Structures are given as structure tokens and as C-alpha cells.
Amino acid sequence: MAIDTRASPSSTGVSGTTEVLPLPFGIGLGVGGICVTMSAAVGLLGDGDNFGEARVAELILGFTTILIGFAVSRAQGDRPITRAAAMSMFVISWVAMNLVAIAAFWLSGELASPLDAVFEAVSASTTTGFTTVAEPESLSYSLRFLRVIMPWATGLGVLLVSMGVLPAAVAGAELLPERRIRGQRKLVTSFGIAVRNILGLYLVLTLSLATGYLLAGMNVFDGITYALSTASTGGMANHADSIGHFDSAAIEWIASAGMVAAGGNLLVVWWAIRGRIDSVWRSTELRLYASLLAIGFCVVFFSSDLSASDSAVAISSALSTTGLRSANWAESSAFVHAMILVAGGVGAMSGSVGSGFRQARVARIALEVRRSLEQLLSPHRESIIRIDGVAVKEKSLALTYGYLWMHAFTLAAVAVLLYSRDLDIIATLSFALNSVSNVGYYVDGSELRSHVDQSGWTQLVAAMGMLLGRLSIYPVLLTISGVGRWFSRLRPRRSIGVS
Amino acid sequence: MGFTSPSRRVPATVVHICGLALLAIAPGLFLSAVVEFSSGGDAGWILVLCALIFAVVGGGMWQGTRLGDLAIRTVFASVAWSWMLVSVLGALPFVLARTFQQEGVSRWIEVANAIFESVSGYTCTGSTVLTNLPSLDDPDPQIGRGILFYRQLTQWYGGMGFVQLVITVLPTLGSKALGFMGAEAPGPTSDRLAPRAADTAKILWKLYLGGTLAMAAAFTAAGMSLWDGINHSLTTAATGGFSTYGNSLGEFDSLPIEVVAQIAMLFGGSNWALHWLFLTMSRKVYGQDHEFRAYIAIYVVCTIAITAMLTAGSEVEGGIGGALRVSSFNVASMISSTGFGNAQGSGTAGDFVLWSATPLAIILLLMVVGGMSGSTAGGTKVIRTRVLAAISHRTLAVARQPRAVVPVKLGRDVVPERVVHQVSLFMMAYAALVVGGFLAVTWLGGDTESTIGGVIGSLGNMGPAFGDAGPTTNFQNAFPTPARMVLAFLMIVGRLELFAVLLMFAAPRRALRRVRPHKHAF
């Protein structure tokens, strides 16, 4: 498979469905099947005879979907695909993976309704962390594992797409300015090497976190699941109080470090590993990320009664869009609320598993505002925006603004459509913002909640917001418009002339 | 003693324009003094004194200087400084008349409250810190009628803009006048109704005066007294929202008055150039204007949506009729950025802070969108929202076809890239100010709910906010004094559409740099 950087009118979106559909659908089914099979295996080990039938059903479901996925993916042709089609493929594979997960959640019989299964699957696979389960402790090992392995798989997919596929495509060009720095070794030289490097880094982060959690006092299951949840910025927890359940400063510091790393650009981590410290420090996005972390930590620590470790968890969880909680900062001052809400809205660095609006875009917008003010002072002055010493193309800047407005419209639409009478205006705005940013908790009065017990409509709207936020809006809209066109082509055309 | 001859005056555009702006306010203060004397109030001489101060200081600044540099930065700075000066000095009558005198409140906070009220007035925001506004049943109001009239008049001045008023009497500006109008006028572009900018300004001011008189007549016909009709027409035409009563228009509890107010608010929130074209050229201009169609569509859709939600949730008394009454009024009030309320008191149907979250979220979005460009309304303007939607659509099209050149279109019209860029820039700066304001006000002690509404409302010159700063309460209890000062600053920033204020320090700095001796002078 090769990505054609040119776009032809006939093969954009999923309009060339026969070329685009099989491989991602097959991959999605396969990945979903692997996740379900692994969860069933964990369940068989952990749950023993409890939920025995459900585990067997999950195993059958998992194996069947792996086989179907393999068979379907073989039907993919070898014609080059377009950029827009590559984005649509990611959406299609994500949908296929979710179909499997929804089936597994529903077959388990542990969730109250099919809609809960949909919400839980979408929340997990978008690395958000909202849950319909009030007490996750009561779930089987299998489901608890499925809730964290899915975001981990999505996180890997996001990294591969953003680092391995999209840099060649339109959205990638704006996401990763750093990789164009002269003289820098690119992380992504070919897709195969990209997969190896990214998987390696991601695994190292996960294993390090698991080891840290185990050493800090978690049991094996919690250590692994929280490591998966932290590394993927998924935020799904095995306990209603999230990591606050352990009441351990060591665990909170490890979680904070893990969330900061997961929300950081993988390329910067790669530079650090390769000893290119000067490149690391030169990264505008990293400086912004570090500054926001430092400022946020100071605000939370000095404006609330939270301990240093709790403050670190609060700000790193919001900025990396993970959603793990160790203390109820909602009882703190409005300034703390504001800081954490803003941090969640800004989100993680580009090229990370984190979500949100992204630091790179914020940096570009700040530089653009400054440039425009300078031009107002000196109208004849022409200047170009440089990030890390590299000029940013005007077209790329225009895409950033376009994305900003799409993001804003999405946020506004989700906030209005949520329509929950149980939530006040702050809870609604916080729920909408954290759905689109995939943070995974919201402020309800003086309570910080991940548990969503709203109506089915509210859950569906929030799920749509999570999906749009996770997939950076473009791919979803392109896929929807592509599907629309495909259907319009299926309609019989009116004949011209008289029969 | 005669005036300084023009050749000997110091070339200082900023000071010159500020002086004229102060001078323009003086007649309003004299008129307020006349009202105060005729109603038997005791603040008449204070108002006369203030009028003299404005006239002398303004006249001195005007006559001692002449127009110099007319670069765009100077134009922006002149407009911003004149607004800042008038808004702050406009507090003088309130300070001298001790309008904000309260037990347990220090003189400094009194001054701060007076400045807040003045800024809120001149920027047509309508947020108030007055706790002792009269009611219809109150036979002995604590605030004199002259002061109340001056308070209403601040919004009337601010509605069309006093720099625009200055332009009508300043022939020397020539083609640069349009720059001043653009710096003060709401919206991304300013319409030219006559070949000369000064004539355009005159037309707009005449239209504004005519509109105000028509509104006063309509209010009186709907059941208000002449005094109330005049006062409310001043702030309706300006889409300001100050009322002479604590319960705003809810004090009258009259459907005809609310209907008149709605029509008048929507009129004030639409482009005044359209009104002129309607009167002089074509009866079809409203239907042909895509921004006006969008403006009315937003009003209708939001009214229907909120009515449906309030009815479904049984949130107001009176069934669908009651819901329609409060929703249509509040939607008109917010989209036009007027800020009048129709609640008869805290806890009644029109008190929108008690509504459920989704109608409130719609109100919040209306606060962001605001009225039409070229109107007296605040907010980011309907046209900008439409351009943003078109930009989003283009972004998607470019993602699908990376090599395609896709113009941004409004209907069939292509929006120039310069305007697209300006709109994007404006909205980015607006978003940054909302975030910055939100952090600053919460840091200074505002609660989350009041602050979100307060910051967006202040930037959009709306008036009421959420939480403790809703339509039946006031800003004094909702925000500490420093937070109120931040909100006042945001009001000026919002009224001048951000850039004038952001650039206001640039021109004086450059002028000072020119005065300072150079390093290599010797």
C-alpha cells in the first residue's frame, strides 16, 4: 500500500469504497478481536469460574473477528490511495474495532443497556475515560482489562497514523513542524521502521510504568492495567476513585511522570534518546508544554489544599488529556477549576497519544496573533512565522485556523446538544469540553466525576464529541461526506430522453 | 485670551481626538443638569461642574494641539485613548454625587464602582453595580433624575460612538476619517453611505437620533410614561440595556412594552446602514442582505429551541405562551447585546440563570455571536460567525483536495482573503482574551459560573451574566472590586473590537521615542 500525495476527484474520502474499505475494516476487526481475546484470557485467569460462559463467548467472538478481519483485509487492492482516503481508512478501522468491543461489552451482561456498551466502548477507544459503571471494582477482570487495552491499541494507532501516515498527508504537515528541521534525523523514514520505533517507544513507556506501579505497591493486575491506561492517556481506572484509591504519593508521582511523557511528542522523546538535547530544547512546542505544566502546577498547588503529588496529577492529567484522578480538586477555588479546564482544552503535544486542541496549534496561533499585531503597527512589513527555525507555510497556517474553528463549532454543538437537565451550565460546559478533548472527567458542583449516568441521548452526543475530538474532526467529516457521496452514486440516475 | 493659532499647536493626533471626544460629552452633561434641576434633585450643580470640566479640559486639549501623524496605529490609538479617557472621566458625576455611597463601602470602592458603571455605560454593556435603583412603587427614589438620565445618556453616546460624532464636525480628517470610523465601528468592515466619511457619520447620527425618537414614541404608546419612554429608548437604540429600574423592563410586566422592546432591540442590533438604505433606496435591502437573514434566522431558531426546552421541562409558568414570552425576549436581548431583562424579580420566569443548562448554553453562544456588523450591538458579529463556518468548510474541502484553490464564500460572494485573515485573527484574539479573562477573574475571586458569563458578556458588551451576576442581580455581589476592574477593561476591549486597545500603547510609545534624543546625536 502506498499513499499518493496527489488527490484525484474520483478517489477522495471513501468514494472509492472498494479500494478503501477492506483493509482498514479488516484491521479494525482484527485489532478488536485481539483485544477481546486478550481480555477473555485475562478473565479466565482472574475471574476463575465466575463469568465462565461470558469468557467463552468473548473468546469465540475474538477468534471469529480475527479470522474475519484477516479474510476481509485480503480483499484490498494494491492501487495507491489518496490522503483523504488514508484518513477515512483510520476512521473505518476505528469503527470496526468498536463494533467488536461493543459486542464484547454487551455479551458480558455486566452493563445495563446496549447504549451503555456503546458509550463504554467509544469512551475507551477514544482514550477518554468516561464510564457508565459507578463502581468499576465490581466488573470482571476481563472487562476491566478490555477497558484499558482498547485505548492502548487506539493510542498505538494514533501514533502510527500521526507519525507514520499523516506527515505525508495534509493534516500531518501541520502537526509535525519539527520533523522538517534541517539536519535532523527523521523518526519516520519508512512506514516499517516507523512501526518498529513507535511500538518500541510505546512499549518501553508502558513497561516502565507497570514496573514503577508494581514497585510503588500496586498488585500485578492493577499495575499493568493502570500502566496501559496511563501510557495511552486513556484514563480508565479500576476504581471509582481512580488512582486516588491507593492514597500513595509514590503512585501519584509515577502516574504524573507517565502522563507527562504520554502527552509529550514521541519525536522529542526520540531526540532525547538519541542524545540530541539541543533539538529537544529548541522545540517550541515542548517549551510551551513544559511552561504550561509548570504554571499549572504552581496554580493548583498554591491555590488549593492539594498536596504536591495531587497537584501534579491534576495538571498532568488535564494537559495530557488522560483523566486519572487522585484528589477532588473540584472543591478547590474557581481559579483551579479555570486552570485545569483550560489545560484540558489545550491538551497534549502533537505526535503524542494525548488529545485536545494540541500545543503546536496554540503555538502557531500565538505567533500568528503577534505577527498580525506587528503588521498593524508596520503595515508594509512582511514577515513569516518560524517555528524551531523553520518557516511555516501560509497554507499550513490556514489549515490550523480552519481546524480551530471546526474545533470551536464542534465544542459548541456538543455543549448545546448534550441537553441534560441533571447538569448545571458549568457541568455541561465541562462535560462537553472534556468529551471533545478526551479528558474523561467533568466538574459537577463540587464533585469531580468520570461516571456518566445521563440519558441515552446525552451519552450519544458525548460519544460523538469524543470521536470527533479523538480523530481530529477532519477524518470523521471526510468519511461521512465520502459515505454520503457513495450512497448518492448508488441512487438510480434519471434517464434523459423518452423511452 | 484667544485660541492658539493652528501653526503653533503641537501635532498630537491622540490628544486632539481625545479633547474633541470630551468636548462632545459636555452637552449631554448640561442636558442632564437641566433634567436634575427641573426634577428638583440636588446634583444639578455637580452635573454643571462636570460639564464645565469636560468642556474646559476637552477644549484645551483640542485647541492646544492639531492633527499630526494619521498612520493606522495612531488612528487606533486615538480611538482607544479617547474611549478610555471618556469612560474613566465619565465616572466623575457619579463620584461627586456619591451615587455609589453605601454603608461599609470605602471611598475607593465607591470610585471603582463609579468607573465600572461609567465604562459599562459608554461601552453599552449594561452591567451595573447600582443597588439602589428605583422601582415604580418607590415614591422617593435615592438617585436624582439627572444622574439617572446621564447614566442612560452614556449608553446613547457609546452606541454610535463619540469619535464618529467627532468626525461629523472635523473636516480636516479627509479620507482618513474612514479609518477612524473603522476603528470604532463594530464589524470587520465599515459601510460608506456617502462619498465623504464625514457625511456618512452625519447620516448615521441623524438616523440614530431618528431611531431613538421613534423608539421613545413606541414605548410611550405601549404604556410607559414619557420619562421612562425617553430613558429606555436611549439605551435600546444603543443596545446598551441600562434601565432606570432595578428589575429592568420586568418592572412594567407588560407584554406590549416587551414586544416593542424586542423589535427595537432587533432593530438596534442590525446594521444601521441597512436601515438607511431601506429608507432611501430599496424596500428589499433586508431580504437581500445575507447577514440580516442569518441574524433573523438565529433569533427564530434559538427562540423556538429555548421555548421547546422550557416547555418540555415545565421550567416556566404559563405553558408554551409563557415560555415563548421569556425566550423570545431574552434571545432578542442577547443577540442584540442589549441586556434588558423581563424578569419581575429573582426567581421569576425571565430570570434565565434558573433555566436548565442547554437553554443557558444557547444564551452563552448568543453572547459570543452578538448582533450584525455596522450595528450598535456587541459580540463577535453574525458575519464573522458565517465567515468562520465558511473557513471550516474550506478547510474540509482542502483536506479532501489538497491542491485545490477554494475561495471562502458567503452565498455567491467570494470573501477577500484579507477579510478572511482579519476575521480569523480577530476571533483568535477574542478566544485568547476569553481564556485570559477567565483565568484573571477567577484568580481575583470570581466564581466559575459568574466568571464565564461575566467575561464573555463583558467582551460582548451584553450586560447580565450567569450565576450571581444574572439579570435580576448585579455585579457588585458577584465579583470583587479588582475583578470588576478587569471586566471593565474587557468591556472597552470588546467595544473597540480588540485591536484598538491592543495597539493603544504603541503610538504614544513611538511618539515618545521620537522626542527622546538619539544616541548618536552628537
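As a test of the formula, what do you get for chain B when each DSSP H run with n ≥ 4 contributes -39,500 (n - 2.57) and the sum is divided by the residue count, at 222 nm and rounded to the nearest 500 deg cm²/dmol? Working shown, then result.
Details: 23 runs with 325 residues, N = 522.
After summing the helix terms and dividing by residue count, I get -20000 deg cm²/dmol.
Each part gets one Cα centre, and for region B:221-273 versus region A:405-474 those centres are 37 Å apart. Label zone (B:Glu317, point 7 Å along Cα-to-C-beta; backbone nitrogen cut-off 12 Å) within region B:334-363: B:344-345, B:347-350. Counting Cβ atoms of other protein chains within 10 Å of each Cβ in A:396-404 and taking the mean gives 6.
In a fully extended conformation the segment linking A:Leu367 and A:Ser113 would gain 86.6 nm over its present Cα-Cα distance, using 0.36 nm per residue. Computed from the Cβ-Cβ distance with R0 of 25 Å, the FRET efficiency linking A:Glu53 to A:Glu137 stands at 0.70.
Give the average, rounded to an integer, of partner chain Cβ atoms located within 10 angstrom of each Cβ in A:337-348.
Mean partner shielding for this stretch: 3.
Spin-label model, B:Ser346 to B:Gln102: label points 7 Å out along the Cα-to-beta-carbon direction sit 1.2 nm apart. For A:Asp444, nonlocal amide neighbours, meaning residues 5 or more places apart or on other chains whose placed amide H falls under 5 Å from its own, are A:Arg449. Would region B:321-441 count as rounded, prolate or oblate if I go by the C-alpha gyration tensor, calling it rounded below 1.5 in a/c and otherwise prolate when a/b exceeds b/c, oblate otherwise? Prolate, since a/c reaches 1.5 and a/b exceeds b/c.
This model, with +1 at the C-beta of Lys and Arg and -1 at the C-beta of Asp and Glu, gives region B:9-509 a dipole about its Cα centre of some 2340 debye. Membrane-span-like helices of chain B, defined as complete DSSP H segments with a Cα extent of 20 Å or more along the helix axis and a mean Kyte hydropathy of at least 1.6, are identified as B:13-38, B:44-63.
Assign unit charges at the C-beta atoms only (+1 for Lys and Arg, -1 for Asp and Glu), then state the dipole size of the protein assembly as shown relative to its Cα centre in Debye, rounded to the nearest 20. Could you put the intermediate results ahead of the total?
Details: 69 positive and 60 negative charges, 1195 e Å.
Magnitude of the dipole: close to 5740 debye.
Considering only B:Ser243, B:Ala349, B:Ala431, the residue lying farthest towards the positive end of the dipole of region B:9-509 is B:Ala431, judged by Cα position with unit charges set on Cβ. Any idea how far the Cα center of region B:111-158 sits from the one of region B:439-469, in Å? Region B:111-158 and region B:439-469 have Cα centres separated by 20 Å. Computed from the C-beta positions of B:Leu49 and B:Ala432, the FRET efficiency with R₀ = 56 Å rounds to 0.85.
Sort B:76-83, B:490-497, B:469-476 by packing, meaning the average of other beta carbons within 10 Å per residue, with the highest value first. Numbers along the way, then the final one.
Details: B:76-83: 27.9, B:490-497: 26.4, B:469-476: 23.2.
In descending order of packing, they fall as B:76-83, B:490-497, B:469-476.
Exceeding 32 Å between C-alpha atoms, which entries from my cross-link table qualify? They are A:Lys395/B:Lys381; A:Lys395/B:Lys284; B:Lys206/B:Lys284. Walk me through the intermediate numbers first.
Working: A:Lys395/B:Lys381 26 Å; A:Lys395/B:Lys284 39 Å; B:Lys206/B:Lys284 22 Å.
Pairs exceeding 32 Å: A:Lys395/B:Lys284.
Computed packing ranks the peptides A:456-469, A:436-449, A:270-283 as A:436-449, A:456-469, A:270-283, most packed first, by mean other Cβ atoms within 10 Å.
Placing a label point 7 Å from the Cα of B:Arg293 along the Cα-to-Cβ direction, the residues of region B:391-407 whose backbone N falls under 18 Å of that point are B:391.
Label region B:9-509 by shape, choosing from rounded, prolate and oblate, from the square roots a ≥ b ≥ c of the eigenvalues of the Cα gyration tensor; if a/c is under 1.5 it is rounded, and otherwise prolate applies when a/b is larger than b/c, oblate when it is not. Cα axes put region B:9-509 in the rounded bin.
Over the protein assembly as shown, the reciprocal of the mean inverse Cα-Cα separation, the Kirkwood hydrodynamic radius, stands at 30.5 Å. Take the Cβ atoms of A:Ser378 and B:Ser39, set R0 to 41 Å, and the FRET efficiency comes out at 0.15.
Partner shielding of B:427-434 amounts to 3, given as the average count of beta-carbon atoms from other chains within 10 Å of each residue beta-carbon. Taking 7 Å steps out from each Cα toward its Cβ at A:His239 and A:Trp457 produces label points 3.8 nm apart.
The stretch between B:Arg196 and B:Val88 holds 35.7 nm of extra length on full extension. This uses 0.36 nm per residue minus the Cα-Cα distance.
Beta bridges from DSSP with both residues in the protein assembly as shown: antiparallel share about 60 percent, rounded to the nearest 5.
Once you order the gyration tensor axes a ≥ b ≥ c over the Cα atoms, which shape class does region A:190-321 get: rounded for a/c under 1.5, otherwise prolate or oblate by comparing a/b with b/c?
Details: a/c = 2.33, a/b = 1.21, b/c = 1.92.
Verdict is oblate for region A:190-321.
Ranked highest first by the average count of other Cβ atoms within 10 Å around their residues, in what order do A:352-365, B:230-243, A:470-483, B:31-44 fall?
Details: A:352-365: 26.1, B:230-243: 29.5, A:470-483: 22.3, B:31-44: 19.0.
Top to bottom by mean Cβ count within 10 Å: B:230-243, A:352-365, A:470-483, B:31-44.
Dipole orientation for the protein assembly as shown: of the candidates B:Leu496, A:Gln459, B:Ser314, B:Leu496 has the Cα lying most toward the positive pole (charges on Cβ; Lys, Arg +1; Asp, Glu -1). Counting only aspartates and glutamates at least 8 places from A:Lys393 when in the same chain, those with an alpha carbon closer than 13 Å to its own are A:Glu174, A:Glu368.
Where a number appears in this text, it was derived from the coordinates with a stated rule and is not lab data. Keep in mind that what you see is a predicted model, and the values were worked out from it rather than measured. As a convention, Cβ positions derive from the backbone with ideal geometry for all residues, glycine included, and neighbour counts pool all protein chains shown.
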